[in-house]
Every structure is written in C-alpha cells, then in structure tokens.
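Here's the structure we're looking at; comments come further down.
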2 protein chains.
Amino acid sequence: MGQKGDALRQRIIAAADQLFYEQGYENTSFSDIANAVNISRGNFYFYFKSKNDILSAVLSARLDDVRAMLEEWETLYPAPKLRIIHYIDILTTNQSNVTKHGCPIGSLCTELVKLSHDMQSQATSIFALFCHWLTAQFFQLGQKRNARRLAMHLLARGQGIASIANAFNDAKFLQREVKSLKIWLDEVTQD
Amino acid sequence: MGQKGDALRQRIIAAADQLFYEQGYENTSFSDIANAVNISRGNFYFYFKSKNDILSAVLSARLDDVRAMLEEWETLYPAPKLRIIHYIDILTTNQSNVTKHGCPIGSLCTELVKLSHDMQSQATSIFALFCHWLTAQFFQLGQKRNARRLAMHLLARGQGIASIANAFNDAKFLQREVKSLKIWLDEVTQD
DNA sequence: GTCTATATAATGATAGAC
DNA sequence: GTCTATCATTATATAGAC
C-alpha cells in the first residue's frame, strides 16, 4: 500500500472516530464520513469494505491510543497516585467535549450494547484496559485486596460524571465532582 | 375517541417504551413497534403521526410514572432517608434490566443528545425531576446547603453504576456499589 | 379504526470506467 | 486510487379502500 493511501486511511479513521463520538455510530453514514474527508463514497469502500470494518478500525485505534497514553504515564510519573490523578483529570482536560458529547468509550458501549453489535466486546475491552491499569496502580499503592474494586468504582464514578455533565450540559458539576473524586482518592490511599 | 382506541394507544406506547429501552430509539422502526402489538404500520399512523410523536408520548408517560412513584413514596415512607434508600434500591430491584440495557432514562438521554434531537430536553426533564425530588429529601434531612450537590452526586453515582454494570454485564458489581452507596448515605446523613 | 398499497428518501454496498 | 453510476434494502410517511 502506498504512503498516500495509508495517510488517507488514517484520516478516514480519525474522521469516523470524531463523527461516531459526536453523532453516534448508527446515526453516522458513509456519506458523512466521506464528506468529512472530501472523498466519494466509492473511494471510501476501497479502504473499508463494510461499516463493521470502519468501526473495528476506530476501536483498534482508540485501544492503541489508550495503551500508548498509559505506557507514557508509566514512564513520566513514577508515583502510582499521581498516575491515578492524571486519569481523573482526563475529565477536566476534555471537559468541553465531555459536556457536549459524553465519554467517547462509554457512550459507544451503551450504543453497541443496544444494537447487539458484534464489536461490542471490542468496545468494552477499552474499558477493561483502563480497569486493569487502574487495578495495578491501586495495587502498587498497597491496596492489594481492594485494588480491583477501587478501580471499578473509579471507572463508574467517571462514567456517572460524564453522563450527568452531558445530560445537563453542566461543566461546573463536572469540576465539582472531580474535586470530590480526588478527596476520595486521598481518603482511600492514606493508610 | 373510543375506549378500545385508547387502550390500543396505551399498548403502543408501552411497546415503544420497551423497544426504545432494549434496542435504542433510532434502531427501533415503526415496523418493530407495530409488530410488537400486532397491528399494521398504517394503523400505527392513526395513533402517532410521526416518530417524534411516539417518542414524546413515551417520554410523557415515563415522566408521569416517575412522578406518581415519587408521590407514592412520599405517602408510604415518612422518613426522607428511607425514601432515598428506596431510590437507591431501584438499581437492585431492576438489576436484571439494568445490567442488560442500562438505565432507561440515562441511555435515552445519551442517544438523544448525539442525535441533537428536539425531545432531548423532555428526556433530561425526567432526570431533573429525580434531582429536584432528591434535593428536597436531603434538605429535609438537614443538609440545607448541600442538598442539591448531594442529589446530583447521587444521580451521577447511579448512572455510573448502571453504565459499568451494563458494559461489563456485571450484576455483582452493581450490588457491591449499591452497598457502598448506602454507606455513603449513612456517612452523609449522620450529623 | 384498520388495512393494503404506494411515494419518497436515505443507506449500505457493488460494478466498472478512468 | 479515485471516481461515477447503480442496485437492493429499509425507513418514514401518505393515500385511499373497506
């Protein structure tokens, strides 16, 4: 495959990713994606031969991105607690997008479950990656027995914050809850 | 309008409600709803002339149901704390549905926001009703200043639990989190 | 009130020219 | 690689017979 083709392929994935996030998966048509990158529908099918294909590519890209981000955090921040704080801060860093469109992974999982979609497990595997990584961080913090429980709790708290901030379009609520989440982290890690 | 017509209208609303919950709003067609109540598509249009109409009817019915439920709780349970516990227990009472399909209101809000749908505000108003009612309960418990904050926090916790329980199809997680939510309620209300 | 057509638009997907 | 048809299917919605 040529270099130009690869670049276009990446652009298509990026455009589809964004559109799935903003408008939802089912509500996004091939025309929408093709228009976003200024190609014809026919050309689109040269790169992805079905809607399953493009969704799978988007999910793979997201999984890779998350994996790369977590690995980068492992090298950048030596303290597990600092890493968890960075995880929590995803909400504030992306606060505009979160209030407008919710959590990219959570909202897609919700949709795919309702569609009984084949790629459902591929979507939840991104959650599983976060969960696994958070469990490791809590474990390193000495919470050997409760590590997984704390990880899932934190995951759920983040989803709840994103859902309500999105439904009410309320960024202040998001900020308030992030603060309370960090207080929770302090309480949980000091002993 | 005749009595039979009214009854059928209610049956259509109930069927649409269930299908929207199980498969999502956009993914549910008129044929799906018509089939569920064994009528033709043409007859369907006699009762609801657009998809907006049936969605609006479903949302109105849900709002009425929630309002009736909360009013019933007000008379059944004299203590505000007991009422809040009953609110939390919605998750365990409907645990099978929640793990299979998520929160009926939350997942619909998520979808309608992405569709930029007109009925979006009608959907969030159900959240707002819960939020208003919970605020009143916390206020009666003496949390005059933090009542609204606690109400929104509880709302978000519930959404997070439903989202993760749904994504991972994990009822045990739901039960665990409900317990931790009741402990939180104890901590918050004792002073 | 209930039904059978039918109109119309959009979607996922394919074939084939260049 | 990129494009222009084009097909088959489905969806919302309407018209009109009974």
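The values are calculated or read from the model by the stated rules, or taken from the named source; none is laboratory data. Since we're looking at a predicted model, the values are computed, not measured. As a convention, Cβ positions derive from the backbone with ideal geometry for all residues, glycine included, and neighbour counts pool all protein chains shown. With ligands, DNA and RNA removed, areas are computed over all heavy atoms of the protein, side chains included. Shrake-Rupley method; radii C 1.70, N 1.55, O 1.52, S 1.80 Å.
With all protein chains present, how much of the accessible area of the protein assembly as shown (probe radius 1.4 Å) comes from carbon and sulfur, to the nearest whole percent? Walk me through the numbers on the way to the answer.
On the way: 9160 of 18230 Å².
The C+S portion of the solvent-accessible surface of the protein assembly as shown is 50 percent.
Assuming R0 = 35 Å, can you tell me the calculated FRET efficiency for the pair B:Asn38 and A:Asp65, based on Cβ-Cβ distance, to the nearest 0.05? Intermediate results must be reported in sequence, preceding the final value.
Working: r = 48 Å, r/R0 = 1.37.
In this case the efficiency is close to 0.15.
Which angle from 0 to 90°, rounded to the nearest 10, does the C-alpha axis of helix B:51-76 make with the longest principal axis of chain B?
Helix B:51-76 and the main axis of chain B meet at about 40 degrees.
Along the axis that rotates chain B into chain A, which residue of chain B has the nearest beta-carbon, and what is the gap in whole Å?
Here the nearest residue and distance are B:Gly160, 1.
Over chain B, with a Gaussian network built from C-alpha contacts below 10 Å, which listed residue (B:Thr135, B:Thr93, B:Thr124) shows the highest mean-square fluctuation?
Of B:Thr135, B:Thr93, B:Thr124, the most mobile in the Gaussian network model is B:Thr93.
Rounded, prolate or oblate for the protein assembly as shown? Axes are the square roots of the Cα gyration tensor eigenvalues, ordered a ≥ b ≥ c, and the cut-off for rounded is a/c under 1.5.
Cα axes put the protein assembly as shown in the oblate bin.
Relative to the other copies, what are the label-point distances for A:Ser96, with labels 7 Å from Cα along the C-beta vector, expressed in nm at one decimal and sorted shortest first?
Values, ascending and in nm: 4.7.
In nm to one decimal, list the spacings between the B:Gln190 label point and its equivalents in the other copies, with label points set 7 Å along Cα to Cβ, shortest first.
Its label point is 2.0 nm from the equivalent points in the other copies.
Given springs between every Cα pair under 10 Å in a Gaussian network model of chain A, which of A:Val37, A:Val58, A:Val178 has the largest fluctuation?
A:Val37
In the range B:46-146, which trypsin sites (Lys or Arg not before Pro) fall in coil by DSSP and have 13 or fewer other Cβ atoms within 10 Å?
Those that pass, being in a loop and sparsely packed, are B:Lys49, B:Lys144, B:Arg145.
FRET efficiency for B:Tyr45 and B:Ser125, Cβ-Cβ distance as r, R0 = 22 Å, nearest 0.05? Let's see the in-between values first.
Details: r = 27 Å, r/R0 = 1.22.
With a Förster radius of 22 Å, E is 0.25.
7 Å along Cα→Cβ for the label point: how many nanometres lie between A:Arg176 and each equivalent label in the other copies, listed shortest first?
2.9
What is the spin-label model distance, in nm, from B:Thr189 to B:Asn52 if the labels are put 7 Å beyond Cα along the C-beta direction?
Here the modelled spin labels are 4.3 nm apart.
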